[in-house]
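Just below is one structure, and these are the notes that go with it.
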């Protein structure tokens, strides 16, 4: 399990973890079952699973470790659960879990876990938009990372500093942080992290108006995800490439990338669904459908507020989105009646995800 996971072969790691669970069940190995369930949850996530599925399996592993009073197992499960809760932007639960996990990690002497949790605490505050406090916490986490001399932790810290810079609109710093990760990811043989880094450097380059650089980074990410057979990673790349085509007013190219992404959008995380619909809204404007674009933009606004996804790079398209929304409102006021404009702008928040995707389906003629 561990070797496959380190090599980025997460499907094989999931298979090995499931086999270990089966053996543990046959031999009544309660501790082995808890550990295998924990590994299956992480491998399943990296192999393309959802946050909710990972949390369900991790909470199962936690309960098994609690029943055994296996303190290291409880600590590991709590750390992983904290990371996924923070990732899902449940900031209240994230803060509570972080306190519990930190206390236990210190009790069992797991300095690495304490270091990770310091990072997650900073991430959680960034999700709360407490950017100054988040930066202070990341500084504290960096001291811990440096003390244990773990390059994996240094990479995580650099990644989050890049995202924090992007959330503040400092795209040059965000690009520099993530570009600096590329040689580190190569040295650590972290293929999945390297592919994600190419995606983020592409996004920051796009926000800086460096479209050729963005295209090159996206191409590197696509090639690496293809090599790894990591289909989930292709979704944000397709969305990012669609956005880049739209920035260059290439409606045909954007449609092609969106069609590639569409099949996965319905089951995607909220930020991916919102980013996809944002691209469709911008495509609608190019294709002369301002009413549809405005409905989708209003839906995306509601989705963004409920998901709290400011730290995801794709959501930085919202800055472009806001300019587009102003343009559409001016266009709609001029081209349609007051009643039509009101209906278009007020319909968004009342749409369900299925209704929003149906509008996207019709726009793309899929």
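Okay, here's what the table says:
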| read-out | value |
| --- | --- |
| Residues satisfying the stated conditions in the range 85-95, i.e. surrounded by fewer than 22 Cβ atoms within 10 Å (Cβ to Cβ), touching a helix residue (DSSP H, G or I) at 6+ places or on another chain (Cβ under 8 Å) and assigned to a helix (DSSP H, G or I) | 87, 91, 93, 95 |
| Hey, residue 296 at pLDDT 75 or above, closer than 21 Å to residue 200 by Cα and part of a helix (DSSP H, G or I) or not | no |
| Unmet criterion (only one of (1) in contact with a helix residue (DSSP H, G or I) (Cβ under 7 Å, 6 or more places away or on another chain); (2) at pLDDT 90 or above) for residue 156 | (2) |
| Residues of the range 188-200 satisfying the condition of being part of a helix (DSSP H, G or I), closer than 16 Å to residue 157 by Cβ and free of Cβ contacts under 8 Å to residues at least 60 places away in the same chain | 193, 196, 197 |
| Residues within the range 112-137 that are over 19 Å from the mean Cα position of the chain (by Cα) and in a helix (DSSP H, G or I), tallied | 10 |
| The range 81-111, residues that are within 18 Å of the chain's Cα centre (by Cα) and either in contact (Cβ under 8 Å) with a residue 60 or more places away in the chain or over 25 Å from residue 129 (Cβ atoms) (or both) | 89, 91 |
| Checklist (1) surrounded by fewer than 21 Cβ atoms within 10 Å (Cβ to Cβ); (2) modelled with pLDDT of 85 or more; (3) touching a helix residue (DSSP H, G or I) at 6+ places or on another chain (Cβ under 7 Å); (4) more than 19 Å from residue 58 (Cα to Cα) applied to residue 140, failing item | (2) |
| Test: residue 168 is modelled with pLDDT of 80 or more and more than 19 Å from residue 99 (Cα to Cα) | yes |
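The values are calculated or read from the model by the stated rules, or taken from the named source; none is laboratory data. From a predicted model like this one, the values you see are computed outputs, not experimental measurements. When we count neighbours, we look across all protein chains shown, and the Cβ atoms used for this are built from the backbone with ideal geometry, even at glycine.
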